Amino acid sequence: MNRNSISQIRKELESCVGKRIRLKANKSRKKTYEKEGIIENAYPSIFTVYFENEFNSARVASYSYTDILTHTVEVKVLSEDFNNVAL
């Protein structure tokens with residue numbers, strides 16, 4: 001595992017704190033889910049994402065930077081003019 005890659009992913013996510021993202025994650029073998037949320041915070045080992053659903057209940061989930069490195073989690077930053085930037 002390349003440490004520079006993880007630190008680069010962390011720096012990119014730290015710059016996106018407070019922005020709306022679309023997160024796609026693998027649950028198991030053939031199951032994936034895709035949700036929109038806001039990056040709440042970036043810590044040294046993990047980052048947290050704030051999700052709301054149609055019932056107005058909030059949920060915070062945490063993901064590791066290695067999840068992005070291993071392509072278990074994909075993050076797309078949604079900008080105000082709707083140009084998507086993939087991480």
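Values quoted throughout were computed directly from the atomic coordinates according to the rules given, and no laboratory measurement underlies them. Treat the numbers as computed from the prediction; the structure is a model and nothing was measured. Cβ: placed from backbone, ideal geometry, glycine included. Neighbour counts: every protein chain shown.
The Phe55 and Val17 beta-carbon pair, evaluated with R₀ = 35 Å, returns a calculated FRET efficiency of approximately 0.85.
Please identify every one of the trypsin sites (Lys or Arg not before Pro) in region 1-82 that sits in a loop by DSSP and has no more than 10 other beta carbons within 10 Å of its own beta carbon. Can you show the working numbers first?
Working: sites: Arg3, Arg10, Lys11, Lys19, Arg20, Arg22, Lys24, Lys27, Arg29, Lys30, Lys31, Lys35, Arg59, Lys76; in loops: Lys19, Lys27, Arg29, Lys30, Lys31.
Taking region 1-82 and a limit of 10 other Cβ atoms within 10 Å, the loop trypsin sites (Lys or Arg not before Pro) found are Lys27, Arg29, Lys30, Lys31.
Which option, (1) 35, 13, 9; (2) 40, 14, 7; (3) 20, 16, 13, is the value of semi-axes √(5λ) of the Cα gyration tensor in Å that was calculated from these coordinates? So the structure-derived entry is (3). For the chain, leaving out every one of the GluC sites (Glu not before Pro) that falls in a DSSP loop and has at most 12 other Cβ atoms within 10 Å, the longest unbroken run is 1-53. For region 23-57, chymotrypsin sites (Phe, Trp or Tyr not before Pro) meeting the loop criterion (DSSP other than H, G, I, E, B) and having at most 16 other Cβ atoms within 10 Å: Phe55. Amide H contacts for Lys19 (H built 1.01 Å from N in the peptide plane; partners 5 or more residues away or on another chain; cut-off under 5 Å): Ile39.
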